[in-house]
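Colleague: Below is one structure. I have some questions about it.
Derivation of every value follows stated rules applied to the coordinates shown; laboratory data play no part. Source: prediction; values computed, not measured. A quick note on method: Cβ atoms are made from the backbone with ideal geometry, for glycine too, and the neighbour counts reach across all protein chains shown.
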Number of protein chains: 2
Amino acid sequence: MALLGEFELIARYFTRPVRRAALGVGDDCALLAPAPGHELAVSSDMLVEGRHFVSTVAADRLGHKALAVNLSDLAACGARPLAFTLSLALPAADEAFLAPFARGLLALAERHDCELIGGDTTRGPVTTIAITVFGEVATGAALLRSGARVGDDLYVSGTLGDARLALEALRGSVALSGDAFGRVRRAMEEPTPRVELGRALVGVASSAIDVSDGLAGDLGHVLRASGVGATVELAALPCGADLADQSEALQRECLLSGGDDYELVFTAAAGRRDAVGAAARASATPVTRIGRIEAAPGLRVVDATGRELGGALASFDHFLAASGTAAS
Amino acid sequence: MALLGEFELIARYFTRPVRRAALGVGDDCALLAPAPGHELAVSSDMLVEGRHFVSTVAADRLGHKALAVNLSDLAACGARPLAFTLSLALPAADEAFLAPFARGLLALAERHDCELIGGDTTRGPVTTIAITVFGEVATGAALLRSGARVGDDLYVSGTLGDARLALEALRGSVALSGDAFGRVRRAMEEPTPRVELGRALVGVASSAIDVSDGLAGDLGHVLRASGVGATVELAALPCGADLADQSEALQRECLLSGGDDYELVFTAAAGRRDAVGAAARASATPVTRIGRIEAAPGLRVVDATGRELGGALASFDHFLAASGTAAS
């Protein structure tokens, strides 16, 4: 383990030539301006070892995920990624960690043309990653949680529940084949932020959120912010092949309450189904219609016969959760 | 100790009515736009318990300091504070900590009309505070580290070294009266970001930085970024009454290498002395001329007779420092 000085560490792993920002890493502040007619979308997320990831996670995947969860927030607003800051607490300046961490982080940043413009590095007892990300969206056009209207269709991107299935396998509560575990673990550790879909949904979707704490909980934020309710068809929820092999009870738990999927849940007027389909194709992202927005408050989940399912639809909450490494 | 849910915690302590931002706490992103003809100045700092503060620090002071060190970065760029995000890892959602922490943080935010627009809260083994702050500065007008020119005067605001003196007293390496310890501890725990001075220096100063890691080290960043050197007169360095009572060796150490002062070090053309004086008066901030910028690279410290002092002028470095709680 090589120990680097703080300034050398920043220079070696995190300094890149400045592109879009007026001024990048290395002054007291970075300078940033949205294009005319646009505003900045800003989001912050913090990942703590032992809470959001295990110490044995591959560092390149951790770098990817730390930025991915932030890009996912931009996606949920329909914003185009511009830049981010990185604050990093580490037990030691360990190059065997830092080199792959920076590689995974900057590869995803590069893919979305999202520039690292500043941050902070310090020692701390456990690895802690705090990222603030900046995106650009036409003024007034951002997708908000508060825009769902009665009669809107309800959609989700990709598939749900694989990250939770990986977590259950890590906890030993379910046994998976090596191949299946590898796939769902990758879904948990290297999620794909739905940036292109989010941008394509601007002007199409009426509201959006990303699934970080579980479909039921995150959709609940939309319903409360919009003053509406919803009915979701359990059989319509998109489920990957590995989760489809599991018990019905586990499927339901993973689909409705599993966190860390980073899919987009969004609403659109029933008259916009063609436009939603076009956005899905343009962004090469699978999208599934899973229910509808209704006037009666609350979330109802129905089976294939339309019968309402009982049971608590708990979302993950960091301070009330009993134990374990879980969703951010 | 009361345990709160994550969302209840955010709502209770950190949600304020939205003012300047288009959208504040409670959606996937906050939305922010600089005024026409302005750009955003962005800075991030992370404070970790046991590293940047002791667990026994008063929570209201900690809240103040966490934002103050970020506002100090805006001050060093001459930017007007607009907004900030707060990511917080806590061992538990302890109201006895959160209430005074939020009070200290938001009181300073209010004073500078700087709005909390988002963030994240999670559990972690030690209290960790990551703030990203946003300011506004006229396009092209930000004070940079790279602007110092040969012949410029060198200035510092306020006094230097009190925070380091408090740290030495905490470590037991120096004995202070109770009154003196209270004063310097407050300087360390509740620093004043020089926001008004920084803004008044736009168009006057040629470069600026804030003193977080010690005068010698931080000035070194300016000298390298500007491709110049400097001579500083030791006797000219502004020293508070409590530090003036200490040994010459300790004074010199605290003045040159003490971190956590959050004063501004800046340069201005010799022809701008009246303008610097006017900026100091307009911002009600004491300013002292301490030396000059020269062509020969490096930092020279001279005594009252002009004789150059020897000795290492180390600045604090988090990954190379031997031990202890120290400067951010």
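Colleague: Quick one: angle between helix A:178-189 and the longest Cα principal axis of chain A, in degrees between 0 and 90, rounded to 10, please.
Modeller: Here the helix axis deviates by roughly 70 degrees.
Colleague: Pull the list of chain B cysteines that no other Cys approaches to under 4.7 Å, Cβ to Cβ.
Modeller: B:C114, B:C239, B:C254
Colleague: Roughly what percent of Cα-Cα pairs across the protein assembly as shown reach past 40 Å?
Modeller: 30
Colleague: So, R0 is 35 Å and r is the distance between the beta-carbons of A:A96 and B:A96; what FRET efficiency does that work out to, to 0.05? Intermediate values should be presented prior to the final figure.
Modeller: Working: r = 40 Å, r/R0 = 1.15.
The calculated FRET efficiency here is 0.30.
Colleague: Evaluate the Kirkwood expression for the hydrodynamic radius of chain A, namely the inverse of the mean inverse distance over all pairs of different C-alpha atoms, and round to one decimal in Å.
Modeller: 20.5
Colleague: Taking the Cα atoms only, what angle lies between the long axis of helix B:162-171 and the longest principal axis of chain B, rounded to 10 degrees?
Modeller: 70
Colleague: Additional query: May I ask what percent, to the nearest 5, of DSSP beta bridges between residues of the protein assembly as shown are antiparallel?
Modeller: Details: 84 of 116 bridges.
Of the beta bridges lying entirely in the protein assembly as shown, close to 70 percent run antiparallel.
Colleague: Taking amide hydrogens as modeled 1.01 Å from N in the peptide plane, which residues meet the under 5 Å criterion relative to B:T139, leaving out close sequence neighbours?
Modeller: It is B:H38, B:E39, by chain and number.
Colleague: If you take the square roots of the eigenvalues of the alpha-carbon gyration tensor of region B:100-234 and sort them as a ≥ b ≥ c, do you get rounded (a/c under 1.5), prolate (a/b over b/c) or oblate?
Modeller: Oblate is the answer for region B:100-234, as a/c is 1.5 or above yet b/c matches or exceeds a/b.
Colleague: Let me ask something else. Once the other residues with Cβ under 10 Å from the Cβ of A:D242 are scored (Lys, Arg +1; Asp, Glu -1), what is the net sum?
Modeller: Summing Lys and Arg as +1 and Asp and Glu as -1 gives -2.
Colleague: May I ask which residue of B:M188, B:S157, B:A175 lies farthest towards the positive end of the charge dipole of region B:150-189, with charges of +1 (Lys, Arg) and -1 (Asp, Glu) on Cβ and the Cα centre as origin?
Modeller: So the residue we want is B:A175.
Colleague: Spin-label point model (7 Å from Cα, Cβ direction): what's the B:T56 to A:A35 distance in nm?
Modeller: 5.6
Colleague: Any idea what the A:R224 label distances to the other copies are, label 7 Å down the Cα→Cβ vector, nm, shortest first?
Modeller: 4.8
Colleague: List residues of region A:197-241, by number, whose backbone nitrogen lies under 15 Å from a label position 7 Å along Cα→C-beta of A:S146.
Modeller: Counting backbone N atoms under 15 Å from the label point, the list is A:207-208, A:221-228.
Colleague: If R₀ is 41 angstrom, what is the calculated FRET efficiency for the pair B:E248 and B:R103, using the beta carbon separation as r and rounding to 0.05?
Modeller: The pair B:E248/B:R103 has a calculated efficiency of 0.50.
Colleague: Now for a different question. Mind telling me which of B:C29, B:C239, B:C77 comes out most flexible in a GNM of chain B, alpha-carbon contacts under 10 Å?
Modeller: Top of the fluctuation ranking is B:C29.
Colleague: For the residues A:L105, A:L170, B:L144, what sequence is obtained by ranking on other C-beta atoms within 10 Å, fewest first?
Modeller: A:L170, B:L144, A:L105
Colleague: Using a 7 Å offset from Cα along the direction of the beta-carbon, what are the separations from A:A58 to the same position in each other copy, nm, ascending?
Modeller: Once sorted, the set of distances for A:A58 reads 5.1 nm.
Colleague: For a quick check: with amide H placed at 1.01 Å from N, whose amide H comes under 5 Å from A:I290's, ignoring anything fewer than 5 positions away on the same chain?
Modeller: A:L154, A:Y155, A:V156
Colleague: Additional query: Output ³J(HN,Hα) for region B:132-144: one whole-Hz value per residue in order, computed from phi by the Karplus curve 6.51 cos²θ - 1.76 cosθ + 1.60 with θ = phi - 60°, and x for Gly and Pro.
Modeller: 10, 10, 10, x, 10, 9, 4, 3, x, 9, 4, 6, 10
Colleague: How large are Rg and Dmax for region A:145-302 when only the alpha carbon atoms are used, in Å?
Modeller: 15.3, 46
Colleague: Working from Cα positions, state the angle (0 to 90°, nearest 10) between the long axis of helix B:248-257 and the longest principal axis of chain B.
Modeller: With rounding to tens, the tilt is 60 degrees.
Colleague: Using amide H atoms built 1.01 Å from N in the peptide plane, name the residues 5+ places from B:A83, or on other chains, whose amide H lies under 5 Å from its own.
Modeller: The answer is B:E115, B:F134.
Colleague: Rounded to two decimals, what is the ratio between the C-alpha radius of gyration of region B:34-109 and 2.2 N^0.38 Å?
Modeller: Cα-based Rg divided by the globular estimate yields 1.22.
Colleague: Still on this structure, I have one more. To the nearest Å, what is the center-to-center distance of region A:202-281 and region B:42-65, using C-alpha atoms only?
Modeller: What the calculation gives is 39 Å, centre to centre.
Colleague: Using the Cβ atoms and a cut-off under 15 Å, what net charge is assigned to the surroundings of A:S146, where Lys and Arg are +1 and Asp and Glu are -1?
Modeller: Its environment carries a net charge of -1.
Colleague: Where the label is 7 Å out from Cα toward Cβ, how close does A:D245 come to the same position in every other copy, in nm, shortest first?
Modeller: 7.4
Colleague: Reported to two decimal places, what Rg/Rh ratio describes region B:52-152 when computed on Cα atoms with Rh from the Kirkwood expression?
Modeller: 1.07
Colleague: Please arrange A:D245, B:D179, B:D213 by how many other C-beta atoms lie within 10 Å of their C-beta, fewest to most.
Modeller: Ordered by Cβ neighbours within 10 Å, fewest first: B:D179, A:D245, B:D213.
Colleague: Rounded to the nearest 500, what is chain A's calculated 222 nm mean residue ellipticity when only DSSP H runs of at least 4 contribute -39500 (n - 2.57) each, over all residues?
Modeller: On the way: 10 runs with 104 residues, N = 328.
That calculation yields -9500 deg cm²/dmol at 222 nm.
Colleague: Shifting gears a bit: Among B:C239, B:A92, B:A59, which residue has its Cα positioned farthest towards the positive end of the charge dipole of chain B, with +1 placed on the Cβ of Lys and Arg, -1 on the Cβ of Asp and Glu, and the dipole taken about the Cα centre?
Modeller: Ranked along the dipole, the leading option is B:C239.
Colleague: Given an 8 Å cut-off on Cα distances and at least 6 residues of separation, report the relative contact order of chain B as a percent. Working shown, then result.
Modeller: Numbers: 734 pairs, mean separation 75.3, N = 328.
After rounding, I find 23 percent.
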